[in-house]
Structures are given as C-alpha cells and as structure tokens.
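Heads up, the thing below is written out as structure tokens.
The values are calculated or read from the model by the stated rules, or taken from the named source; none is laboratory data. Given the structure is predicted, the values throughout are model-derived calculations rather than measurements. Cβ atoms come from the backbone with ideal geometry, glycine included; neighbour counts cover every protein chain shown.
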Amino acid sequence: MNTPIRSPVRLGMLTPSSNTTLEPVTAAMLAGLPEVTAHFARFRVTEIALSPGALAQFDDSAILAAAELLSHAKVDVIAWNGTSSGWLGFDADARLCARITAATGIPAATSMLALNAVLARTGVRRLGLVTPYRDDVQARIVANYRALGIDCVAERHLGIQDNFAFAEVAPATLAAMTREVAAARPDAIAITCTNLRAAPLVAALERELGLPVYDTIATVVWDSLRLAGVDPNRVRGWGRLFDLA
C-alpha cells in the first residue's frame, strides 16, 4: 500500500541572534513529522536585563522585519520563540502576534502565550519556575504570573545576563534546579528560556517527579503545530505537553 504524501507544513520561528539551542532542539522535536519543517529568522538579542538597551532589543520593528523575511518562505505560522513577555508583560506578545498577522496574513504564536494557554487549560494555579535570569528579571516574571492568578510557589534562577551563556548551562544543573522546585509540589513546572538545553530532559524528569514540566521551546512547537493544522500528539518522547490536543 502506498503511503499518502502529506502537503508540506512550514513553521516559521523568530529567533534571538545569540541563541544556539532552539534550532537543533526544534528540528529534533519535529524529526518524526516528515512533512513538517522549521525555518528561522534572527534579530539582535545578546543580553537579558531590565536596562533600557536590553529592553530595546524587543522593539516590535526589528521583530516585524524578521517576520516579513520569514513570510517570503510561505510559512504556515510565524512564532516568536522567546520569553521576553515574561518580564515585559504578556500583553506585549498579544500585540506582537496581532501585528505579525496584520503585516503578513500569517497566524502567529509565542512561547509564552503558548505556555500560558497550557497552564490555563490544565488549571495550574501553583507554578514552579526555573530560569537562567537575573534577580530583577525573575521578580518581574513572578509578578506577571501573580497578576494572572498563578502563584510561583517555588523558583530557581541563575543570575545570568549574557544570552549566549544560557546554552552553556549544564543539563545536570537544570535537572537539579527542577528537582529543587518540585519539592514544593507545584501543579506544574515551567522551564522558561529558549536557550536552555532543558527540553531533552523533560520526559525523564516528568517520570521521576510525577509532575508536568513545560519547556518554552516545546510550548511554541506545540502551539505552532496546532495553528498549522498538525496534530501535536504525533510528537513523541518530549513530555506530556504533546499529549494535549
């Protein structure tokens, strides 16, 4: 029997310029979906802080220029594979998605809006949070979740500012941070940064801890597939997130 040929599906990903993790991890997640490919456009992001210069990196004009270039590849969705609205405020991502779609006619998603959709769908009210960020950035994220009615009952962060350096955090360190947060028995744990090599650890950590663990590379892949009309349940081995329809 001949296997039917599926139409190609192209996921467009907006990528921080100094990120070295999300591209190979995204490709690995999609390896079992032969009709789906990911395509990336970069814009300048080198540090994560609350200084005016660091915040200016996320000005919509630079992101929209990168989105326009992605649209030339006739992608089915354009996703901001980053977590900046965690400290800028989640409304920043909602505005960005609206502007991307208005400019390109293509549906848009983000890592954080996808994470928040998962938290809402699964009724999470007590969240564990793992990031590599500075104290002040982490405090902003915690406050923004509190405003959503979600209490960060445990958190760990590394105090790093250099975006490139996030990818150099050892998997053993990420696993240890996640275990420490899990001790508070939150409803779920969010590993929030798309330049951490955490996604390959998620399935094993979920089995060990008995808790859902949501990585922000995985959340945007999950939501991008849904927007593109592909069943995310076909992604196997990357955690229980992909069991959600």
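Please work out which residue is farthest from the chain's Cα centre (by Cα), limiting yourself to the range 188-226 and to residues that are of a type in the set (Gly, Ala, Ser) and farther than 17 Å from Ala79 by Cα.
Quick first cut of the range 188-226, residues of a type in the set (Gly, Ala, Ser) only: 188, 190, 198-199, 203-204, 210, 218, 224.
Pick out the ones that are also farther than 17 Å from Ala79 by Cα and you get 188, 190, 198-199, 203-204, 210.
Details: Ala188: 15, Ala190: 10, Ala198: 11, Ala199: 10, Ala203: 16, Ala204: 19, Gly210: 22 Å.
Within the range 188-226, the match that is farthest from the chain's Cα centre (by Cα) is Gly210.
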(message) Being within 18 Å of the chain's Cα centre (by Cα), within 25 Å of Arg240 (Cβ to Cβ) and of a type in the set (A, V, I, L, M, F, W, C) is true for just one of Ala67, Ala117, Ala92. Which residue is that?
(response) Ala117
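Whether any residue in the range 65-76 is within 24 Å of Tyr145 (Cα to Cα) and in contact (Cβ under 8 Å) with a residue 24 or more places away in the chain is what I want to check. First the steps, then the outcome.
Of the range 65-76, the ones within 24 Å of Tyr145 (Cα to Cα) are none.
The answer is no; no qualifying residue exists.
Of all residues in the range 4-35, which are among the aliphatic types (A, V, I, L, M), part of a strand (DSSP E or B) and out of contact with any helix residue (DSSP H, G or I) (no Cβ under 7 Å at 6 or more places or on another chain)? First the steps, then the outcome.
At the first step, the residues of the range 4-35 found to be among the aliphatic types (A, V, I, L, M) are 5, 9, 11, 13-14, 22, 25, 27-31, 33.
Then keep just the ones that are part of a strand (DSSP E or B); that gives 9, 11, 13-14.
Selection gives Val9 alone.
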(request) Please state which one of Ala62, Ala73 is among the small types (Gly, Ala, Ser), surrounded by fewer than 22 Cβ atoms within 10 Å (Cβ to Cβ), part of a loop (DSSP other than H, G, I, E, B) and over 18 Å from the mean Cα position of the chain (by Cα). (result) Ala73
(message) Can you name every one of the strands (runs of 3 or more DSSP E) wholly within the range 90-203 that holds 1 or more residues which are surrounded by fewer than 18 Cβ atoms within 10 Å (Cβ to Cβ)?
(response) 126-130, 151-156
(message) On the basis of being outside any loop (DSSP other than H, G, I, E, B), crowded, with 22+ Cβ neighbours inside 10 Å and either outside the structural domain of Pro107 (by TED's automatic domain parsing) or under 15 Å from the mean Cα position of the chain (by Cα) (or both), does Gly82 make the cut?
(response) no
